[in-house]
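J.: Below are the structure tokens for one structure; questions will follow.
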Amino acid sequence: MTNFALLNNDDHQNVRVITERSAKYGDNVMYALTFPFEFRSVQAFYPILFHNDAKGDPYPVALFGFQEGENLFLDDSGWDARYVPAMVRREPFLIGYQGSEDQEDDERARVLSLDMDHPRVSREEGEALFQPLGARTPFLDDIAELMENIYQGYQHNKVLMAALQEHGLLESVIMDITLDNGSKNQLQGFHAIDEDKLQQLPGSVIEDFWKQHVLMPIFMILASTKNIRNLIDRKNAQRGG
């Protein structure tokens, strides 16, 4: 359950947010939504694939494991990668809106919202949100910037997905994975970019991709697929070979 409240320095003066990475704080996730602004950092550690949302629309995700609740980057010491994707770092914050419900979201004022029931929310430990006189702390300033980047990232994702779908560049993928100990795993329900179709696109389409600022994100997605091997190696290490 969630209990989101619009963040303010009266009700939340003494609220803190725990930033430690652990399963008990909800970090044991198989994947997380990701955005073009962070693809360069994400592709250094994680495969970027596509998964359908509740409406059946595909969106890019950073993959952390091969089954629900499995995060192969999470261990007793925390998150074992130098970059943690934005949608993981933003917990327990969300973008809220102020204004008439008749207005579109982009016409309403964006404000920070906090899930008061999230296990990261505390009054005893963690990062403070407000200074004694009510000003934002540097931590909250960083969160506000992150949430704005995420908001813009959603808009960029729409452009990226429209371009990929218009030219039929997404293909369903099923990966059969055999570990060193002989156990078999299968990853399904995801999509990847069809490289053969991409290479056959005329130059005019590639130029359009460049103008729409989706060409580099596409290259980053393709480069990220090498990290499937990294995930398999991590799985083998956890299984003891």
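The values are calculated or read from the model by the stated rules, or taken from the named source; none is laboratory data. What you see is a predicted model, and the numbers here were worked out from it, not measured in a lab. Please note: Cβ atoms are built from the backbone with ideal geometry, for glycine as well, and neighbour counts cover all protein chains shown. The protein model used for the area step is the full one, side chains on, heavy atoms only, and it has no ligands, DNA or RNA in it. Shrake-Rupley method; radii C 1.70, N 1.55, O 1.52, S 1.80 Å.
J.: Round to the nearest 0.05 the FRET efficiency obtained for residue 59 and residue 19 when R0 = 35 Å and r is the Cβ-Cβ distance.
T.: Numbers: r = 26 Å, r/R0 = 0.73.
Between residue 59 and residue 19 the formula returns 0.85.
J.: Then there is this: What number, in percent, do you get for the relative contact order of region 1-70 if the mean sequence gap of Cα pairs under 8 Å and at least 6 apart is divided by its residue count? Could the numbers behind the result be given before it?
T.: Working: 62 pairs, mean separation 22.2, N = 70.
Contact order relative to length: 32 percent.
J.: Quick one: plug the Kirkwood hydrodynamic radius of region 44-169 (C-alpha pairs) into Stokes-Einstein at 4 °C, 1.567 mPa s, and report D in µm²/s.
T.: Values: Rh = 17.5 Å.
After rounding, the answer is 74 µm²/s.
J.: Give me the percent of the accessible area of the chain that comes from carbon and sulfur atoms, probe 1.4 Å, all protein chains in place.
T.: Working: 5940 of 12990 Å².
The value for the chain is 46 percent carbon and sulfur by accessible area.
J.: Heavy-atom accessible area per residue, the chain, 1.4 Å probe: how many Å²?
T.: On the way: 12990 Å² over 241 residues.
Dividing the accessible area of the chain by its residue count gives 54 Å².
J.: For residue 213 and residue 8, calculate 0.36 nm times their separation in residues minus their Cα-Cα distance, and state this gained length in nm to one decimal.
T.: Values: separation 205, 0.36 × 205 = 73.80 nm, distance 3.57 nm.
Answer, rounded to one decimal: 70.2 nm.
J.: Over region 140-241, what relative contact order in percent results from Cα pairs under 8 Å that are six or more residues apart? It would help to have the intermediate numbers written out before the result.
T.: On the way: 63 pairs, mean separation 26.0, N = 102.
With pairs under 8 Å counted, the relative contact order is 26 percent.
J.: For region 18-144, what relative contact order do you get, as a whole percent, if you take Cα pairs closer than 8 Å and at least 6 residues apart?
T.: Working: 168 pairs, mean separation 31.4, N = 127.
Over region 18-144, the number comes to 25 percent.
J.: Under a point spin-label approximation (7 Å from Cα along Cα-to-Cβ), what is the residue 131-residue 82 distance to one decimal in nm?
T.: Label-label distance for residue 131 and residue 82, simple model: 3.2 nm.
J.: Here's another thing I want to ask about it. Just in region 7-91: which trypsin sites (Lys or Arg not before Pro) are loop by DSSP and have at most 12 other Cβ atoms within 10 Å? Could you put the intermediate results ahead of the total?
T.: On the way: sites: 16, 21, 24, 40, 55, 82, 89, 90; in loops: 21, 55, 82, 90.
In loop regions of region 7-91 (DSSP not H, G, I, E or B), the sparsely surrounded trypsin sites (Lys or Arg not before Pro) are 55, 82.
J.: Right, next: Pick out, in residue order, every one of the GluC sites (Glu not before Pro) in region 118-194 that is DSSP loop and has at most 13 other C-beta atoms within 10 Å; say none if there are none. Write down the numbers at each step before the final one.
T.: Values: sites: 124, 125, 127, 145, 148, 166, 171; in loops: 124, 125.
Answer by residue number: 124, 125.
J.: For residue 68 and residue 188 in one chain, what is 0.36 nm times their gap in residues minus the Cα-Cα distance, to one decimal in nm?
T.: Values: separation 120, 0.36 × 120 = 43.20 nm, distance 1.16 nm.
Extending this stretch completely gives an extra 42.0 nm.
J.: Lys/Arg Cβ at +1, Asp/Glu Cβ at -1, dipole of region 1-158 taken about the Cα centre: which of 18, 42, 112 is farthest positive-ward?
T.: 42
J.: Return one quarter of the surface area of the convex hull spanned by the alpha-carbon atoms of the chain, equal to its mean projected area, in nm². Don't jump to the answer; show the numbers that get you there.
T.: Numbers: hull surface 61.5 nm².
For the Cα atoms of the chain, the hull's average projected area reads 15.4 nm².
J.: Sticking with this one: Using only helices, what value at 222 nm comes out for the chain when you add -39,500 (n - 2.57) per DSSP H run of length 4 or more and divide by the total residues, to the nearest 500 deg cm²/dmol?
T.: Working: 7 runs with 74 residues, N = 241.
Dividing the helical sum by the residues of the chain leaves -9000 deg cm²/dmol.
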